[in-house]
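Worksheet: the structure to be examined is printed underneath.
Nothing in this text is a laboratory measurement; each read-out follows from the coordinates by a stated rule. Everything quoted here is computed from the prediction, not taken from an experiment. Here Cβ is always computed from backbone atoms with ideal geometry, including for glycine, and neighbour counts include all displayed protein chains.
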Amino acid sequence: MHHPPTRTALVGAATALLLLTGCSDGGAQKDTGPPTTPTGLTAQAGSATSVHVMWQPAKDDKAVTGYEVYQKDRKVKTVPVDRTMVDVDGLSPSTPYTFTVRARDAAGNLSQPAPAVAVTTPAPTPDDDKAPTTPAALRGTVDGGRAVTLNWRAATDNLKVTAYDVYQEDTRIHSVSGTETTARVTSLRPGTVYTFTVRARDAGENSSPDSNAVDLTTPAAGGKGPSTAPTGLTVTARKGSVDLNWLPPKVGGEVASHELYLNGKLATTIVWGGEPPAGKATYTMTVTDPPGTRYSVKLRAKLPDGKWGDFSAQRTVIIR
């Protein structure tokens, strides 16, 4: 026979339900506060079909996790938190656009949009197949642990230089107007060697050859020791081979091996069978690619504690 629950049982069940409900979120406080609005938004037409958008980092009570870039009300790019610039491609020539950006946190909260900026893409130049000249005399200075300022001499073009693209190793990380010959690159890491080059670009998307490379090392953050990167790397291309010379890092112990990276990928590990060189190290790499092949080369050493050290500056050569 079925018996209805007693009053005591009903009260106990209700108490248990209240306890479960009260503990369902583990006592965690929800993140409902949005990040601050990104500042310093700029938009620069790099060609007839692309615009470079850049801004200053936002802040959050917990952490900013990324940025969303909008063209009018349409989201066109999502950018990770360590990037505060992006190129928007596939645009129409001779067309006005407006861009804004919003910061996002881990809970999905979005900041208010930055004040929109307007830009007009230039007219196309379909018959322009001549690249600008190479920007010259690239030099740079370090601005604290996370930024550098670059300067160069202007390039020329048969029509007009519309933009200068800044490359860190082989990746385009920044662009400025074709009327500017300076750029400030931010969001860098302390205690790191960076290799920068600059290319000029025209409205026909023709890019110049690379400028000279400049190596800049950001100062180490508090508590981090000196750089463990190999220094003085020189790379010479010959027919069928590439010769490397460098100074292993001084780390208070034996450096018995190095990793050699080619075009950003591990190519080989250089190990000495006997005593490692006391001074400059050398290595010859055999290559079979045809003349005109471009190689980007960098190294890092295996430290006495078994960990891999910092990367050297990168060098670029073309096979003869």
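For the pair region 76-126 / region 53-74, the C-alpha centres are spaced 10 Å from each other. Give me D for region 231-318 in µm² s⁻¹, whole number, from Stokes-Einstein with Rh from the Kirkwood sum over alpha-carbon pairs, 4 °C and 1.567 mPa s. Once the numbers are plugged in, D ends up at 96 µm²/s. A viscosity of 0.692 mPa s and a temperature of 37 °C, combined with the Kirkwood radius over C-alpha pairs in the Stokes-Einstein formula, give region 136-217 a diffusion coefficient of 257 µm²/s. Taken about its Cα centre, region 69-167 carries a charge dipole of roughly 340 debye when the Cβ of each Lys and Arg holds +1 and the Cβ of each Asp and Glu holds -1.
Axis of helix 7-23 versus longest Cα principal axis of the chain: the two differ by about 20°, to the nearest ten degrees.
Available extension along the chain between ARG83 and THR182 is 33.7 nm, counting 0.36 nm per residue and deducting the alpha carbon span. Here the chain is treated as an ellipsoid with the same Cα gyration tensor; its semi-axes, largest first and in whole Å, are 47, 34, 18. For region 218-270, the spread of Cα coordinates along the three principal axes comes to 45, 25, 19 Å, biggest extent given first.
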